[in-house]
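What follows is a single structure, written as C-alpha cells, with notes after it.
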Amino acid sequence: MNFKKMIKSFKLFIIILLFGLVGAAKAQELTIYVDNWPPYNFIKNDKIVGISTELIEAALQRANIQYKLVKYPFKRGLATVRSTPYTMLYTAARIPQREDEFAWIGPLHPRKVYLFKLSNRTDIQINELEDIKKYRTGVLSGGSVEQFFIDSGLSDEYYHLVNYSVQLLKMLLIGRFDLIPGDPLDLAYQMKSLGSKYSELEVAYLLSDEGGYYMVANKETPVEILVKIQESLEEVIATGLRDRVIEKYLR
C-alpha cells in the first residue's frame with residue numbers, strides 16, 4: 001500500500017470512528033419523563049419547572065449528563081421507563097410494589113401522604129380506611145395511592161381515577177370529590193396558585209409516611225450513570241438548594 005492510500009485509509013478510519021462516537025453519545029442521552037404535579041414538577045411558560053426539576057437539572061448538569069425532559073402522563077411514563085433503556089421519570093414514590101421494577105435515585109423529598117377534605121366539611125369523618133367508602137375520593141391513575149388502595153383490598157368502585165394530579169384539587173374545590181390524597185407542600189402551593197388559602201383544607205386521614213420521593217430509572221441504565229447522578233444529587237442537596245427552592249415556590 002502506497003503512502004497516499006495509507007493516508008486515505010486513515011482518514012476513512014477517523015471518519016468512521018467519529019460517527020461511532022457521535023452515535024454513542026446520542027444513544028446515551030437520557031429521556032426523562034415528567035408528570036404535571038406542582039410544585040414538584042409542572043409546566044410554566046412552556047418550560048418544565050418545579051422543586052424536583054431544579055434539583056434534578058442541577059444534579060445532571062453537575063454530573064455532565066446529557067438529557068431531555070418530556071412531559072408525559074405519570075402511568076404511561078412509568079410503563080415506558082420499565083421497558084425502555086436510558087429513560088427515567090420523576091417525581092415517584094418509592095413503595096415496595098415498585099422496588100424491583102426500577103433503579104432509584106434520591107430521595108428528592110421525604111414523603112407523607114394524607115387524605116384531605118375541605119375544612120368546612122365537618123360531616124366527613126375518617127377513622128379507618130373503610131370509612132372512605134361513604135365518600136367520593138379522587139386518586140391519580142397509576143399513582144402510589146391507587147396501589148395502596150389495591151393492596152388494602154379496596155375495590156375501585158370506591159374511588160375515582162384521574163390522569164393528572166392537578167385535577168384532584170380542582171375537583172375537590174368544586175365539590176366533585178369529597179376527599180383527595182396529597183401532601184402539605186404540594187397542596188399549599190396549589191392553593192396559593194389558585195388564590196386560595198391552605199387553611200381551607202384539612203387533613204382527614206394519614207395514609208402513609210413510608211419511603212420518599214425519587215427519580216426512577218430503567219434497570220438497564222449503566223451503573224456508572226446511576227452512581228454519578230446519585231452522588232451529584234447528594235452534593236446539590238448538601239448545598240441547601242432544596243430548602244432554598246422550596247422557600248422560593250411557597251413565597
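The values are calculated or read from the model by the stated rules, or taken from the named source; none is laboratory data. Predicted model, so just to flag it, every value in this text is computed and none were measured. Every residue, glycine as well, gets a Cβ built from its backbone with ideal geometry; the counts of neighbours run over all protein chains shown.
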Check: When residue 117 is evaluated against the numbered criteria (1) farther than 30 Å from residue 241 by Cβ; (2) in contact with an Asp or Glu (Cβ under 7 Å, 6 or more places away or on another chain); (3) surrounded by fewer than 21 Cβ atoms within 10 Å (Cβ to Cβ); (4) charged (D, E, K, R), which criterion, by number, is the only one it fails?
Finding: (3)
Notebook entry, point to check: Within the range 233-247, is there a residue that is assigned by TED's automatic domain parsing to the domain that holds residue 60, among the acidic types (Asp, Glu) and under 19 Å from the mean Cα position of the chain (by Cα)?
Noted result: yes
Next item on the list: Report, by residue number, each residue of the range 132-159 that is touching a residue at least 24 places away in the same chain (Cβ under 8 Å), more than 13 Å from residue 75 (Cβ to Cβ) and not in a loop (DSSP other than H, G, I, E, B).
Entry: 132, 133, 137, 138, 148, 151, 158
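Each row is one residue, and each column tells you yes or no for (1) under 16 Å from residue 93 (Cβ atoms); (2) of a type in the set (Asp, Glu); (3) surrounded by 16 or more Cβ atoms within 10 Å (Cβ to Cβ); (4) in contact with a helix residue (DSSP H, G or I) (Cβ under 8 Å, 6 or more places away or on another chain).
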| position | (1), (2), (3), (4) |
| --- | --- |
| 34 | yes, no, yes, yes |
| 42 | no, no, yes, yes |
| 47 | no, no, no, no |
| 51 | yes, no, yes, yes |
| 59 | no, no, yes, yes |
| 76 | no, no, no, no |
